[in-house]
Amino acid sequence: MTDSAPPGPLAVYTFADEDLFSDLTAEQRARIDRAISYADYPPNKIFYAPEERGERLYILRRGRVRIYKLSPEGRALTLLILEPDSIFGEMALTAEWVHDSFAETMSESTVGAIRRDEMRRVLGAYPPVALRFMNIMSQRLRALEHKLTDIAFKSVPQRLATVLLNLADRQDAPAGRGAPAVVRYTHQQLAEMIGSYRETVTKAIGELREAGLIRVDEDVIFLTDLERLRELMAGKT
C-alpha cells in the first residue's frame, strides 16, 4: 500500500537532546540558570510561528513540544516531537532572527526561556556549550534527513509502524498490561506525524489491527507483535 499524499515529512521520531550545559561546573550552571525563566504551560500553547522574529531560545524540561509547518492550504506537517531536555527556537540565534516553523506544546509542559543576547554570551563564554549546541543541531539535521528518506521510500504502514514503535519506546505500559503501549493520538495527529492524510492512516491502522500487529483498547494502542512491526518498519514484509 502506498500513499497518494504529496511529499511531506516522514514518520516523526520523538527527539530528546543531550543536556546542553552538562560540561559546566555547578557554579557555571547556576549562573546560567539565573538567566532562564521557567513556566508551566497547558497543551496547545504556541511559542512562535513562521516569519516571527525570535527573541528567545527555549528549553523543554517537562512534557512534549511538536515542531510543525502548515501548507498554504492549512495542512499541518509535524517535523519533530521534542522531549526533555530538548532546546527549540534556535532560529533566534541566527542573523535574521526569524522562525521558519511553529512550536506548540502537546501536553502539560515546563519550558524555560533565555534571551537571545544572553544565550549568545553563554555560547561565546563557554566553548564546550557551543560545541554541544553544534552537535545537537547536527543530530537534529540527521534525524530530518532520515525522515525525508523514509517519506520517499517507505509506505504509510511502514511509516506508521516506525512512529508507533518509536513512541512505545518512550512510554510505560499501563499497570497490569504486559504489551508495550502507545497512548492513542488521533488519526489526524498520526497523519501529521507521517506526512499522510487522516483517511489513509485510518485504513492503515485497520490493516495493522486485522493483521494482529496492534490492538486498540479504549484510548491505548497496544503493540502486540513487536517482531513483525519491526520487520514491517524495515520493509521485510
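The values are calculated or read from the model by the stated rules, or taken from the named source; none is laboratory data. Remember, it's a predicted structure, so these values are computed and weren't measured experimentally. As a convention, Cβ positions derive from the backbone with ideal geometry for all residues, glycine included, and neighbour counts pool all protein chains shown.
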Selection within region 196-235 - in a helix (DSSP H, G or I) and of a type in the set (D, E, K, R): Arg198, Glu199, Lys203, Glu207, Arg209, Glu210, Glu227, Arg228, Arg230, Glu231
Cross-chain or 6+ apart pairs with Cβ under 8 Å, region 113-128 first and in a helix (DSSP H, G or I), then small (Gly, Ala, Ser): Arg116/Gly54; Arg116/Ala92; Glu118/Ala35; Met119/Ala92; Val122/Ala35; Leu123/Ala130; Gly124/Ala130
Does at least one position in region 131-141 carry a residue that is at pLDDT 80 or above, farther than 16 Å from Leu82 by Cα and either in a loop (DSSP other than H, G, I, E, B) or touching a Leu at 6+ places or on another chain (Cβ under 9 Å) (or both)? yes
If you go through region 150-164 one residue at a time, how many are in contact with a Ser or Thr (Cβ under 6 Å, 6 or more places away or on another chain) and either buried (at least 24 other Cβ atoms within 10 Å of the Cβ) or part of a helix (DSSP H, G or I) (or both)? 1
